[in-house]
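Colleague: Next up is a structure, given as C-alpha cells.
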Amino acid sequence: MALMSTKNSLILRVAVATPLYRLFDYLAPVGNDISQLSPGSRIEIPFGKGKRFGVLIEIATNSEIAHDRLRHAIRCIEKDKLPGELLALCQWAADYYHHPIGEVIATALPTLLRRDETISDAKINYWSLTQTGKEYDNKALARAPRQQALLSQFQCSDKPLLSRADLDRCGFAWHAPLKALIEKQLLQQSEPNSNASTPTSHIELNTDQDNAVKQIKERLNDFTCFLLEGVTGSGKTEVYFDAMQAALDQNKQCLLLVPEIGLTPQLTQRIQKRFNDLFVAYHSGLNNSERARAWRDAADGTAKIIVGTRSAVFLPLKNPGLIIVDEEHDLSFKQQDGFRYHARDIAIRRAQKLNIPIVLGSATPSLESNENTRNKRYQWLHLPKRGGDAKPPTVELIDMRRQALKGSLSPLLISHIQATLDKQQQVLLFVNRRGYAPALFCHDCGWIAKCQRCDANMTVHHAKHCLRCHHCGSQRSLDKQCKDCQSEELTTLGFGTEQIEDTLKGLFPYQRIIRIDRDTTQQKGSMNALLTQVEEGQGDILIGTQMIAKGHHLPNVTLAAILNADQGLFATDFRALEHLAQLIVQVTGRAGRGNKAGHVLIQTHHPEHILLQTLIKDGYREFCQQLTRERKDAELPPFSYMALLRAEAIDETSPMQFLQSAKEHAETIATDTLYLLGPIPAPMTKRAGRFRAQLLIQANDRRSLHQLLRQWVRQLSSNKLSRKVRWSIDVDPMDMN
C-alpha cells in the first residue's frame, strides 16, 4: 500500500508486546506537545478493545494507514524512559534473534514500567535496631516466631546495619516481620554513612591473577573481550573485584552477570565487604517493586555495581565501565522460551557498542568461546593454579558393573564417605535428579506410570506421596496398583535426591544430612540458609542437584562424588558431552577448596569411554580440543550456524504440516550453503498436552543464515497453517529437545 501523508500530523510508531513483527502507528495524544517526545518514551495507547503500554520507537510523517483510521495515543510518559543505547540494543537483538521488537523491549523493562504504575522513590536498603530494640527481650515475641527470629538476627549481628542481602539469608520471608517490628518501634530504616565505613582490603593476588588484572586495566576504556579461564578455586572473583575497583575509580558502573539466583546472595555479601559503593541485585527472586527500584538505581547511576541474572543484561547504565559474565558457559544464560536470547552474546554486543571491556569467566569455557580465543577474537587470560595452598583434587572413576550396591552407592564410595566423616570433614554427593525415583513401574507386567500430558515418566516423590511430571508440573497421588493388570507389586526405577537421602540415613544414621534441590529451596532465602549451615559445619553430608555445582565455596568439603556420570555420554543432543564435562569439572571443583586435600569419585558403567578418560587424565582443555576436532569433522557449531523452527499444537498433524509448508517456502529462497533438516517430531513429542515438531536450518556462514531468516520468518505469520500452531524461531539453539 502506498504511504499516505497525514498532512501536518506526526505519527508515533510504537512497539507493543505482541507476537506480531511490526510497529503500531498512532497520532499524538490530544493536547500533548509532541516536540518533547523522543524514542524510548513509554506511551499508553488504545489497543483493540482495551488499553496497553508501549514504547515509542520513532516519530514519522507518513503511515501506511489512512489518517482517519489512526487513533490518538492516550498519554506519553517521559519519566523512566528507555535510554537510546538500550533501545538500539533491543532493536539489534530483535533483528538477530528474529523476534518481535515489542516483546524484546518488554524484556528490558521491569513489570511496573509495563503497566500504569510508578517506581517508588523510596530506596530503603538498610535497617537497624532502635534503642528500644537493643534493650528488648525477644522472648516476648514467642508467639510471633518469625519476628522473634528476625529481631534476634539484628541483636546478635556484629553489624550496626543489616541490608536486604543480609535479610535474604535468614531463610524465610522477612518483609512482613520487618514491617511489624518497625511498627513496634524495635527496628528503623537507616542508610549507611559511607564516610564512616571502610572497605575490606583485597586478598593479595598471585602472579597469574595480577597479570590478568593488569591486562584488563590496560583496556578499561576500549572494547576487548577477555576470556578468563581459571581452574575452580583459582580466584576468578578476586580478579573481577580488582578490575571492578579500577572501573569504580573512574566513577563508572560495573555489571556482573551470574547464571543462578542462588549465587547472588554470596556475591553480594562479598561485594558488601569489599566495596563502599551502593550495589543492587536484579533477578526473578525480587518482587516487582524491588526490581523496579534496582532498574532506576542502575539508570540514574546510584548503583555502581549491579549483580544480576540473564535479564540484567538489559538494565540501563548511566556510566558503564565494565561487564563481567561469570560462568559464561552456563546454559542458564540462554532463555529457553519466548524471546530466546543468550545473555552472554548480548553482553558482548553491548560492550562492543559501549566501547568498554567485557570479561567472560569460567573454569570450563564453552567450545564457542575457546574457538573465538583460538581465532584471536577474544583475549585469553589463564589462572592455572588454585588460590593459596589449595591443591587440585584427585579424581577416580568407579566401575559400577557387577557391584553390590547399597541403593545407588557403590561399596568403594560408602567406604570413602565413612573415612571422610571420621576425619570430621564434609561430603558432597551430586545427582542430577530430584525426587525419589524417575519412574514407577509394575514388577508383574512392566507398566510404567506415564504423564497424561507429556511423553515422559512421572517422577516419584515420597515426601509428598505423589507422582509429579517435571516437564509440565502435573501431579497426582502415588498409584497403589498397576493401571494395566491391577497388581500391587509396584516398585521404582532409578534414583533421585530423596532416595539418596533415605539411603544415607540408613547407612549413616548419626550424621547430619542436608539436601539441596528445587523441592527444598522453594522459600525465599532457603538456598542460602542451607548453604550457610554447611559452611558453619552444621551438616556432614550434602546432597544436591546442579544448584550445588556452581561457584559455592565450601572449604570443609573434601570428598565429592558424582553418582551417575552416564546420562550425557550417549544423549542425542550433540552438546551433551560438552555439558557433561563442564558439570563434572564444576562438581570436582567443590572438593578441597581449603587447605585440606580433596578427592572426587565418579560412578559410571562406562569407565572406558574415550572422552571421559581424556577428561579425567588430561583435563578439560585437552577434552575440548578432542571434542572440537569431532565437531569440525561433523560440521557442527562452532563450525556452522543453526536456527531451529519449532511448532506445537493440540493435534498431532498440524505442527508437521506447518513445518513442511515452511520448508517448501524456505527452499525457494535458500542458497547452496544452507541445509534444511526435517521436519521431524521433537525428541519429546508431546509436552503439556501439545504435540511438538521441529525443523533445523544449518548454514556454513552466519550471514547467509540471517539473510534467509529475515525473508522467511515474517512470511511464516501469513501462512494459513500458522493459525493452527504456536511456532517460534530459536537462533543459536543450545537445547535441541
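What follows draws every value from the coordinates through simple rules; no lab data is involved. Nothing here was measured: the structure is a model prediction, and the numbers come from that model. Counting neighbours? That spans all protein chains shown, and the Cβs are built from the backbone with ideal geometry, glycine included.
Colleague: What translational diffusion coefficient, to the nearest whole µm²/s, does the range 207-383 have by Stokes-Einstein, given a Kirkwood radius computed over alpha-carbon pairs, a temperature of 10 °C and 1.306 mPa s viscosity? Intermediate results must be reported in sequence, preceding the final value.
Modeller: Working: Rh = 16.0 Å.
In µm²/s, the coefficient is 99.
Colleague: Calculate the FRET efficiency for residue 502 and residue 710 from the Cβ-Cβ distance with a Förster distance of 51 Å, rounded to the nearest 0.05. Please list the in-between numbers first.
Modeller: On the way: r = 55 Å, r/R0 = 1.08.
E(calc), rounded to 0.05, equals 0.40.
Colleague: Once you sort the root eigenvalues of the Cα gyration tensor of the range 641-731 as a ≥ b ≥ c, which label holds: rounded (a/c under 1.5), prolate (a/b larger than b/c) or oblate (the other case)?
Modeller: On the way: a/c = 2.25, a/b = 1.65, b/c = 1.36.
Note, shape of the range 641-731 comes out prolate.
Colleague: Hey, what's the per residue convex hull volume over the C-alpha atoms of the range 28-178, in cubic angstrom? Don't skip to the end; give the middle numbers.
Modeller: Working: hull volume 31.9 nm³, N = 151.
Hull volume normalised by residue count: 211 Å³.
Colleague: Which trypsin sites (Lys or Arg not before Pro) does the range 333-390 hold that lie in a coil by DSSP with at most 14 other beta carbons within 10 Å?
Modeller: On the way: sites: 334, 340, 344, 349, 350, 353, 374, 376, 377, 385, 386; in loops: 340, 376, 377, 385, 386.
Those that pass, being in a loop and sparsely packed, are 376, 377.
Colleague: Given R₀ = 60 Å, what would the calculated FRET efficiency be for residue 134 paired with residue 570, taking r from the Cβ atoms and rounding to 0.05? Display every interim value, and only then the final one.
Modeller: Values: r = 62 Å, r/R0 = 1.04.
The formula returns an efficiency of 0.45 here.
Colleague: Now for a different question. Efficiency by 1/(1 + (r/R0)^6): what FRET value for residue 518 and residue 479, r their Cβ-Cβ distance, R0 = 22 Å, to the nearest 0.05? Could you put the intermediate results ahead of the total?
Modeller: Numbers: r = 23 Å, r/R0 = 1.04.
Once rounded, the FRET efficiency stands at 0.45.
Colleague: Sorted from fewest to most neighbouring beta carbons within 10 Å, what does the list 684, 458, 736 look like?
Modeller: Values: 684 12, 458 25, 736 17.
Ordered from fewest to most neighbouring Cβ atoms within 10 Å, 684, 458, 736 come out as 684, 736, 458.
Colleague: Equivalent-ellipsoid semi-axes (√(5λ), Cα gyration tensor) for the range 475-569, whole Å, largest first?
Modeller: Values: eigenvalues 184, 48, 44 Å².
So the three semi-axes of the range 475-569 are 30, 16, 15 Å.
Colleague: Give me the extension gain from residue 675 to residue 288: residue separation times 0.36 nm, minus the current Cα-Cα distance, reported in nm with one decimal. Can you show the working numbers first?
Modeller: On the way: separation 387, 0.36 × 387 = 139.32 nm, distance 4.39 nm.
Length gained, residue 675 through residue 288: 134.9 nm.
Colleague: For the range 579-672, build the convex hull from the C-alpha positions and give me its volume per residue in Å³.
Modeller: Details: hull volume 17.9 nm³, N = 94.
Cα convex hull per residue, to the nearest whole number: 190 Å³.
Colleague: For residue 597 and residue 182, compute 0.36 nm times the residue count separating them, minus their Cα-Cα distance, and round to one decimal in nm. Mind dumping the intermediate values first?
Modeller: Details: separation 415, 0.36 × 415 = 149.40 nm, distance 4.78 nm.
Full extension of this stretch gives 144.6 nm more.
Colleague: Okay, next question. Testing the spin-label approximation: label points 7 Å from Cα along Cα→Cβ at residue 75 and residue 349. State their distance in nm.
Modeller: Label-label distance for residue 75 and residue 349, simple model: 3.4 nm.
Colleague: So if I take the centroid of the Cα atoms in the range 451-510 and the same for the range 591-615, what is the distance between those two points in Å?
Modeller: 29 Å
Colleague: With a ≥ b ≥ c taken as the square roots of the eigenvalues of the C-alpha gyration tensor of the range 534-605, please select rounded if a/c is under 1.5 and otherwise prolate if a/b is larger than b/c or oblate if it is not? Don't jump to the answer; show the numbers that get you there.
Modeller: Values: a/c = 2.30, a/b = 2.20, b/c = 1.05.
Cα axes put the range 534-605 in the prolate bin.
Colleague: May I ask what percent, to the nearest 5, of DSSP beta bridges between residues of the chain are antiparallel? Don't jump to the answer; show the numbers that get you there.
Modeller: Values: 64 of 115 bridges.
The antiparallel proportion sits near 55 percent.
Colleague: No solvent, one uniform scatterer per C-alpha: report log10 I(q)/I(0) for the range 4-108 via the Debye equation at q = 0.10, 0.14 1/Å, two decimals.
Modeller: Taking Cα atoms of the range 4-108 as identical point scatterers yields -0.25, -0.51.
Colleague: Mind running the shape call on the range 126-190? Use the C-alpha gyration tensor, a ≥ b ≥ c as the square roots of the eigenvalues: rounded below 1.5 for a/c, prolate if a/b tops b/c, oblate otherwise.
Modeller: Working: a/c = 1.40, a/b = 1.09, b/c = 1.28.
Here the range 126-190 falls in the rounded category.
Colleague: If each Cα of the chain is one equal point scatterer, what is log10 of I(q)/I(0) from the Debye formula at q = 0.05, 0.06, 0.09, 0.10 Å⁻¹?
Modeller: -0.28, -0.41, -0.97, -1.20
Colleague: I need two numbers for the range 214-276: Rg to one decimal and Dmax as a whole number, Cα atoms only, in Å.
Modeller: Calculated on Cα positions, Rg and Dmax stand at 12.4, 33 Å.
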